[in-house]
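Data block below; observations after.
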């Protein structure tokens, strides 16, 4: 596929380590090359720069035993593969020496976490704990030395935070980027993760996938049905019914989770409406205006239940007055499967605007959001629900893939994707009332 780089786990031992070297600029040396080792150390264990080995005495980690160099593998051969690797990973750009957050799929499921995967110095770092939990790996951690060991029945990897030296299946390796500790979460280079599962990087979608997708079941395919697009504004206490109380929002998300509703992204909803994907009880969650309360009150609940959402931002108001989400917060949310759509540049009525004004409000907002988040802005929300035929045409011409209104109802195959209806959720909606809205499409 275009823009896809696959990092395949082809086995254990030296063969796997050389494969990782070929794809991820890892310099490997088989354990056993060293003539001897200090008492309690594994021969050939890499040094962290301060004279201490990754495999130490006592209760600290002892790596799997290594082996001899694979026949026919030379330093020149590895150098050639490293040159190929730099070309294959050339798509990891845009970070400019800093860190850019990217989306993650683990075992076929989108990952929602406080420390998402990121690109550092043009290399991927992936959170260790979610991968370990998904694949039943054992993780041992020594807090004093900041050393970690990940292991399964077939493979092992030992690394230290801040050091590029590692042992992968008993083979010494120099990682392309050092593992990092963000808060209390360890992030490891793709070279470490690839010891246990296939890693795939989609440069076009800015998504790293670990372990591939699970096989689709008949139940998962289900049958096509209408899509309920829920419309929220703010979560918390406030002066109007636009504010949905936190306990109400929590109860509503729990109801969706416990009653078999398929909460999907707007991208997937469009596939359903076009007949390209099927769901039984499709729901899309949207938030208008991009208020700061989303990050403080909605994000944690959505993360808890693994629900994606779309936040329609007013691009000229981002970060202003502490009332709206900042660009940094939006970049974080994008990396956690929250799409940032456009609610125009200034939230002015589009009904009477001329072509130039529409281009600025609609196309200009899309360009600003994409420039700041580095993700495509594919979805639009008409400010105040007001629009004209000219505004609808301008949305289409700007390259958006959908637009939502405040007209009440469910969306189905007959719906105009640039005039999609929604279900307005106000403050005070009980669980019984919420269930009826989902069932009938009447608010």
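Quick notes on this one:
- Per-region count, segment 331-344, residues more than 15 Å from residue 403 (Cα to Cα), crowded, with 22+ Cβ neighbours inside 10 Å and in contact with a helix residue (DSSP H, G or I) (Cβ under 8 Å, 6 or more places away or on another chain): 3
- Just one of the numbered conditions (1) crowded, with 16+ Cβ neighbours inside 10 Å; (2) within 24 Å of residue 269 (Cα to Cα) is not true of residue 397: (1).
- Selection of segment 263-317 for residues being out of contact with any strand residue (DSSP E or B) (no Cβ under 7 Å at 6 or more places or on another chain) and more than 23 Å from residue 248 (Cβ to Cβ) yields 267, 268, 271, 274, 275, 276, 277, 278, 316.
- Scan of segment 370-382 for residues that are surrounded by fewer than 22 Cβ atoms within 10 Å (Cβ to Cβ) and either in contact (Cβ under 8 Å) with a residue 60 or more places away in the chain or not assigned by TED's automatic domain parsing to the domain that holds residue 333 (or both), ordered by number: 374, 375, 378
- Residue within segment 350-369 that is under 23 Å from residue 285 (Cα atoms), surrounded by fewer than 17 Cβ atoms within 10 Å (Cβ to Cβ) and without any contact (Cβ under 8 Å) to a residue 40 or more places away in the chain present: no
- Whether a residue is over 25 Å from the mean Cα position of the chain (by Cα), buried (at least 20 other Cβ atoms within 10 Å of the Cβ) and either under 29 Å from residue 333 (Cα atoms) or modelled with pLDDT of 95 or more (or both) was assessed, and residue 131 does not pass this test.
- From 400, 382, 375, residue being in contact with a strand residue (DSSP E or B) (Cβ under 9 Å, 6 or more places away or on another chain) and closer than 24 Å to residue 242 by Cα: 382
- The one condition from (1) more than 18 Å from the chain's Cα centre (by Cα); (2) within 23 Å of residue 431 (Cα to Cα); (3) crowded, with 16+ Cβ neighbours inside 10 Å that residue 307 does not meet is (1).
- Hey, residue 387 in a loop (DSSP other than H, G, I, E, B) and either modelled with pLDDT under 95 or within 31 Å of the chain's Cα centre (by Cα) (or both) or not: no
- Filter result for residue 185 (in contact with a strand residue (DSSP E or B) (Cβ under 8 Å, 6 or more places away or on another chain) and modelled with pLDDT under 90): no
The values are calculated or read from the model by the stated rules, or taken from the named source; none is laboratory data. Remember, it's a predicted structure, so these values are computed and weren't measured experimentally. Neighbour counts are summed over all protein chains in view; Cβ atoms, including those assigned to glycine, are modelled from backbone coordinates with ideal geometry.
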